[in-house]
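Participant: This is the structure I want to talk about, given as structure tokens.
Rule-based calculations on the coordinates, nothing more; no lab input. Everything numeric here is computed off the predicted structure, so don't read it as measured data. Cβ coordinates were reconstructed from backbone atoms using ideal geometry, including for glycine residues, and neighbour counts include every protein chain displayed.
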Amino acid sequence: MNPFIAELLGTMLLILMGAGVCANVLLTKTKGHGAGWMVITTAWAMGVFIGVVVAGPYSGAHLNPAVTFGLALAGQFAWNAVGGYILAQMLGAALGALLVWLVYKDHFDATEEAPKKLAVFSTNAEIRNPAINFFTELVGTFVLMFVVFYISDGSFDSTKTGDAGVIGLGSVGAIPVSFTVWVIGLALGGPTGYAINPARDLGPRIMHALLPIKGKGGSDWGYAWVPVCGPLAGAAVAALLFGAI
């Protein structure tokens, strides 16, 4: 499996599990309706685990444009591979969102509240304050990226993107990444829903806009820059700090 396909499939699985749990908890007449934040954060963390297990041996399992950007900024990933990785991540995220809609289509149709339908696909701020919302995403992604640098132990080969990556411990290496995402969600996810991944939000948001979802309402494009720019900024801060120390 080449790195492009690995990033696409890994990100698809991440979104299938992550957006899937949001659908299960939020939509009407599901088995998991109203299960709560612990269920959502746990499933997102386990979604990261399976995505990393699948993609790790072939691409390094970035699954996140902010991670790809941060590693390149730190000199641990080839800049000429960044575009391909991000494209794969965006396509994978969109495909994962499409699958969630197909699985839960009857429940989307049964749900009356448009905001709940959008929340399956994308994040939003509980209190809309763009500056604070941006900072929240920056901080959450900083934590993710900073920990990733220590999990990788600086062992990247920027000329052979398939030979080294975010995890250097095989499938076991997926565990610390998953726990990191889990604690970020539990501790810092309350204000914005912790996108901490531009593809996680933008790819599914595009699918929300394109799919014929009954009574879906708007896709809230006025907020869409926050879960894209905040994570990229957080990854940059983490890369610069890691390089400095």
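Participant: Taking only DSSP H segments of four or more residues, each worth -39500 (n - 2.57), what value at 222 nm results for the chain once the sum is divided by all its residues, to the nearest 500 deg cm²/dmol?
Facilitator: That calculation yields -22000 deg cm²/dmol at 222 nm.
Participant: Could you give me the percent of Cα pairs per 5 Å distance bin for the chain, shortest bin first, beginning at zero and ending with the bin that holds the maximum distance?
Facilitator: Spelled out bin by bin, the chain gives 1, 8, 15, 20, 21, 16, 10, 6, 3, 1, 0 percent.
Participant: Separate question: Could you tally the net charge around Phe135, taking each other residue with its Cβ under 15 Å from the Cβ of Phe135, Lys/Arg +1 and Asp/Glu -1?
Facilitator: Local net charge: -1.
Participant: Which shape class, rounded, prolate or oblate, goes with the stretch 45-142 when its Cα gyration tensor gives a ≥ b ≥ c as root eigenvalues, a/c under 1.5 marks rounded, and past that a/b bigger than b/c marks prolate?
Facilitator: Oblate, since a/c reaches 1.5 and b/c is not below a/b.
Participant: Can you compute 3J(HN,Hα) from phi for each residue in the stretch 226-235, using the Karplus curve 6.51 cos²θ - 1.76 cosθ + 1.60 with θ = phi - 60°, rounded to whole Hz and x for Gly and Pro?
Facilitator: Karplus-based 3J(HN,Hα) across the stretch 226-235 equals 5, x, 9, 6, x, x, 5, 5, x, 5 Hz.
Participant: Around Leu27, with a cut-off of 13 angstrom between Cβ atoms, what is the net charge of the other residues, counting Lys and Arg +1 and Asp and Glu -1?
Facilitator: +3
Participant: Tell me, what ³J(HN,Hα) does each residue in the stretch 17-26 have, in order and in whole Hz, if you take phi through Karplus 6.51 cos²θ - 1.76 cosθ + 1.60 with θ = phi - 60° and put x for Gly and Pro?
Facilitator: Result, rounded to whole Hz: 6, x, 5, x, 5, 4, 5, 5, 7, 9.
Participant: Counting Lys +1, Arg +1, Asp -1, Glu -1, what net charge surrounds Ile213 among other residues with beta carbon under 15 Å of its beta carbon?
Facilitator: Net charge around Ile213: +1.
Participant: Using a ≥ b ≥ c from the Cα gyration tensor of the stretch 69-120 (square roots of the eigenvalues), is it rounded, prolate or oblate, where a/c under 1.5 gives rounded and otherwise the larger of a/b and b/c decides, a/b for prolate?
Facilitator: Prolate is the answer for the stretch 69-120, as a/c is 1.5 or above and a/b outweighs b/c.
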